[in-house]
Amino acid sequence: RSITVDLGERSYPIHIGSGLLQNIGARCVEAGYPVRSPLLLVSDSSVAPLYLADLESRLREHGYTVVSHIIPSGEASKSLTSYEEIMTTAIKAGLDRSSAVIALGGGVVGDLAGFVAATYMRGIGFMQIPTTILAHDSSVGGKVAVNHPLAKNMIGAFYQPSMVLYDLDTLSTLPQRQVSSGLAEVVKHGLLVDRDFAYWCREHASELLELNPEALGYALERGCSIKADVIAVDEREQGLRAILNLGHTIGHAIEAVSGYGVVLHGEAISIGMAGAALLAHKLGRDKSIYEETVSMLSSLSLPVTLPSHYDEDELMAAMMHDKKFKEGKMTFVIPNSIGSVSIINDVSETAVREVLTQLKKEGS
Ligand code: NAD
Ligand code: ZN
């Protein structure tokens, strides 16, 4: 399966399937990386032991010079410190303007390696090899970044890869919670614009959770192409791209107050999507949207209520810190129906607070 992200001269292909990494050398040639220029592989301490050696040797067989940099797994590595260390590796290895950075891992590796690729000599080649389901989202769209101690994703760029290579075989080693977390973004793409796909996800939930290759391949293809379509219209988030934030306003607040990594990103936005559907009901949409949303997310073993230890004041404060409020009003993406959303600019603080309380009640 292949999809094209249509961005004029920055267009690039996403290849999805089993066994793709066996042809990594040919893919690098296809991406336009000359064999005389060194390649930098970036991976993390969980993924590297599983897949890195094989990738290195295939690239070397193809005549490439390869240097690898492994970061500790986890969000803490998406830092300026890791960024500088990778730059050091790149400079010492003599990467030149025709070189490329290859990200082998989840969203953390992709965002960090992408920022290196965007800034090394003002930009060199960049290939994404996502190894999580969540990374179907992060590897498409060109947002690359590292975190600042005071704010997540604060230092970054828009930088499109030259190719995304999604080898489904690498997903077999994902821990179960990471599988569900990634599927939250998959079903989100259905909830945004594709009613049939959202229902398809619920129908095939058990196959998806078991990583059935047919079901998973289709789900990732739909997820990536919906995201690609949104990006093609609005690469730099001037308008439409904001719909991708469904569930993220509340979700980011949950992540921020829990400490990153305690609640997984997909788990947090799952609760956030349930919240957005409750808010939609408050604003006059049908209650069935909430019920259907919750049933879809639950079928994928995702949380849909707010555990009782969360404090509404703290969550509201996190949203304020996120600058989501302007004069007591905030912007929210809410569903109109399954498969359609609106961006609402004047949601009151009170309504959001009531939703948080209700999300807690639903859980008790
Ligand atoms: P991650 O990269 O931390 O991966 C999750 C965990 O799974 C890590 O511990 C990792 O080591 C492990 N792992 C990865 N692949 C594995 C495999 N195949 N087998 C076994 N273990 C594996 O996290 P993620 O959920 O992939 O991505 C989250 C990051 O993505 C966040 O930093 C978030 O900000 C970013 N993100 C970016 C965008 C974007 O548009 N750029 C969009 C969404 C999320
Ligand atoms: Zn997300």
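Among the listed residues Met319, Met330, Met296, which satisfies the condition of being over 23 Å from the mean Cα position of the chain (by Cα) and within 24 Å of Ala242 (Cβ to Cβ)?
Criteria check complete, one pass: Met330.
Could you tell me whether region 37-48 includes any residue that is assigned to a helix (DSSP H, G or I), in contact with a strand residue (DSSP E or B) (Cβ under 9 Å, 6 or more places away or on another chain) and either away from ligand 1 (no atom under 14 Å from the Cβ) or at pLDDT 95 or above (or both)?
Within region 37-48, one or more residues are assigned to a helix (DSSP H, G or I), in contact with a strand residue (DSSP E or B) (Cβ under 9 Å, 6 or more places away or on another chain) and either away from ligand 1 (no atom under 14 Å from the Cβ) or at pLDDT 95 or above (or both).
Would you call Leu168 away from ligand 2 (no atom under 16 Å from the Cβ), within 18 Å of the chain's Cα centre (by Cα) and not assigned by TED's automatic domain parsing to the domain that holds Leu55?
No; evaluated as a whole, the condition is false for this residue.
Determine if region 184-201 includes at least one residue that is away from ligand 1 (no atom under 11 Å from the Cβ), in the same structural domain as Met319 (by TED's automatic domain parsing) and small (Gly, Ala, Ser).
Yes, region 184-201 contains at least one residue that is away from ligand 1 (no atom under 11 Å from the Cβ), in the same structural domain as Met319 (by TED's automatic domain parsing) and small (Gly, Ala, Ser).
Restricting to helices (runs of 4 or more DSSP H) lying wholly in region 142-257: which have 3 or more residues that are crowded, with 19+ Cβ neighbours inside 10 Å?
176-193, 195-203, 213-233
For region 59-84, give me the residue count where each residue is more than 19 Å from Gly125 (Cα to Cα) and of a type outside the set (Val, Ile, Thr).
Adding up the residues that qualify gives 11.
List pairs: first residue in region 153-175 and modelled with pLDDT under 95, second residue part of a strand (DSSP E or B) and more than 10 Å from ligand 1 (Cβ to nearest atom) anywhere in the structure, Cβ distance under 8 angstrom, at least six positions apart or on different chains.
Within 8 Å, the pairs are Met154/His148.
Within region 309-364, take every residue that is of a type in the set (Gly, Ala, Ser) and either outside the structural domain of Ser298 (by TED's automatic domain parsing) or outside any strand (DSSP E or B) (or both) and give me the one that is surrounded by the fewest Cβ atoms within 10 Å (Cβ to Cβ).
First, the residues of region 309-364 that are of a type in the set (Gly, Ala, Ser): 317-318, 328, 337, 339-340, 342, 348, 351, 363-364.
From what's left, either outside the structural domain of Ser298 (by TED's automatic domain parsing) or outside any strand (DSSP E or B) (or both): 317-318, 328, 339, 351, 363-364.
Working: Ala317: 14, Ala318: 19, Gly328: 10, Gly339: 16, Ala351: 16, Gly363: 15, Ser364: 8.
Within region 309-364, the match that is surrounded by the fewest Cβ atoms within 10 Å (Cβ to Cβ) is Ser364.
If you take the residues of region 258-267 that are assigned to a helix (DSSP H, G or I) and within 12 Å of ligand 2 (Cβ to nearest atom), which of them is nearest to His321 (Cα to Cα)?
Just the residues of region 258-267 that are assigned to a helix (DSSP H, G or I), to begin with: 258, 265-267.
Adding the requirement that they be within 12 Å of ligand 2 (Cβ to nearest atom) leaves 265-267.
On the way: His265: 18, Gly266: 21, Glu267: 21 Å.
My answer is His265.
It is to be established whether one or more residues within region 234-241 are modelled with pLDDT under 95, assigned by TED's automatic domain parsing to the domain that holds Gly182 and at positive phi.
Yes, some residue in region 234-241 is modelled with pLDDT under 95, assigned by TED's automatic domain parsing to the domain that holds Gly182 and at positive phi.
Mind listing whichever residues of region 121-141 are within 16 Å of ligand 2 (Cβ to nearest atom) and either closer than 19 Å to Glu237 by Cβ or assigned to a helix (DSSP H, G or I) (or both)?
Result: Ala135, His136, Asp137, Ser138, Ser139, Val140, Gly141.
The values are calculated or read from the model by the stated rules, or taken from the named source; none is laboratory data. Keep in mind the model is a prediction, meaning the values are calculated, not measured. Glycine gets a Cβ as well: all are built from the backbone with ideal geometry, and neighbour counts include every protein chain shown.
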